[in-house]
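The structure under discussion appears below in the form of structure tokens.
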Amino acid sequence: MAGQQPRELEAARLPGFLSVLQLADSGFPSGRYTLSYGLETLVRTGRLGTPASPSALAGILHDQLRLSVAPSDGVALACAHRAAGGTGVPDLDLVVRADERLTAVKLGREARTTSARTGRALLRTAQAALGQPAMAGYARLVESGRSPGNHAVVLGVLSACLDVPGLEAVAGELFAFCASWVAAAVRLAATDHVTAQALLRQAHPVIADAAVRAMDRQVSDISGCAPLLDVTAMRHEQSDLRLFAS
């Protein structure tokens, strides 16, 4: 590496960056487009107008990032990424502990089931399309039911295998959550496409701050505290008419 020219060094860093773009893309076949993260209930119960106030949407999105998604999925992803190490061969005991802890802090049934469902879809895609044999040991644990296979944990191990730096992996996952969230808001007629992009842009500093905070946390720090959002998400599974899976 010492003898490489600056342009070669820049090119060497690009595969990890491109992997973040691919994994965060809305077209990636993990099933995230089926999730509203409780937003559908907020819209259908009239708690948000149609269209909703941009400031109200931004407040909900930022709270969900800071208080729920980053300290739970973000920290779990960071732990799984560290467990994979620089070799891409994960410390499976640490990965499983992060996986189990993440399941435990997801209070709603839908949150748990959709996290595992999208995680397993990501795991299948990683093995079939991304050529990651180092995922095989973890995949066997998930397939045998010895590890839940949460999306964030699968992504943490996969990102390490793809040489994506940990901070970028966490930030990419938080961005993907936000992109999925604002897309759901558009489909629910809570906002329009232009406002959705403004909301996504406004979330950038929140994503950056939350990602940095998640990096040094341990498995015991995986948590989440957003009671109103949790209750709203739980009410979703009791709805007779649902457009989204969560």
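Amide H of ASP163: which non-local residues (sequence gap of 5 or more, or other chain) have their own amide H closer than 5 Å, using H built in the peptide plane?
Distant-sequence amide H within range of ASP163: zero hits.
Can you list the residues, at least 5 places off or on another chain, whose amide H is less than 5 Å from the amide H of LEU35, using H built in the peptide plane?
ALA245
Residue-wise, which Karplus ³J(HN,Hα) couplings in Hz belong to region 98-103, taking 6.51 cos²θ - 1.76 cosθ + 1.60, θ = phi - 60°, and x for glycine or proline?
Values, residue by residue: 5, 4, 5, 5, 5, 4 Hz.
Kindly provide the helix-only [θ] at 222 nm of the chain, computed as the sum of -39,500 (n - 2.57) over DSSP H runs of four or more divided by all residues, to the nearest 500 deg cm²/dmol?
-19500 deg cm²/dmol
Using 1/(1 + (r/R0)^6) with R0 = 45 angstrom and r between the beta carbons of SER53 and GLN22, what's the FRET efficiency to the nearest 0.05?
Calculated value: 0.85.
Step through the residues of region 186-203 one at a time and calculate ³J(HN,Hα) from phi using the Karplus curve (6.51 cos²θ - 1.76 cosθ + 1.60, θ = phi - 60°), rounding each to whole Hz and writing x for Gly and Pro.
With coefficients 6.51, -1.76 and 1.60, one gets 5, 5, 8, 6, 7, 7, 10, 5, 5, 4, 4, 5, 5, 4, 5, 5, 5, 7 Hz.
Given 0.36 nm per residue, what is the gain on full extension from CYS225 to VAL194 after removing their alpha carbon distance, in nm?
Additional length available on full extension: 8.1 nm.
Order 53-66, 92-105 from most to least packed using the mean count of other Cβ atoms within 10 Å.
92-105, 53-66
Which value, in debye to the nearest 20, describes the size of the charge dipole of region 60-230 about its Cα centre when Lys and Arg Cβ atoms bear +1, Asp and Glu Cβ atoms bear -1, and nothing else is charged?
With Lys and Arg at +1 and Asp and Glu at -1, about 360 debye.
Computed from the coordinates by the stated procedures, all read-outs in this text should not be read as laboratory data. Predicted model, so just to flag it, every value in this text is computed and none were measured. Cβ sites come from the backbone with ideal geometry, for glycine too, and all protein chains shown count toward neighbours.
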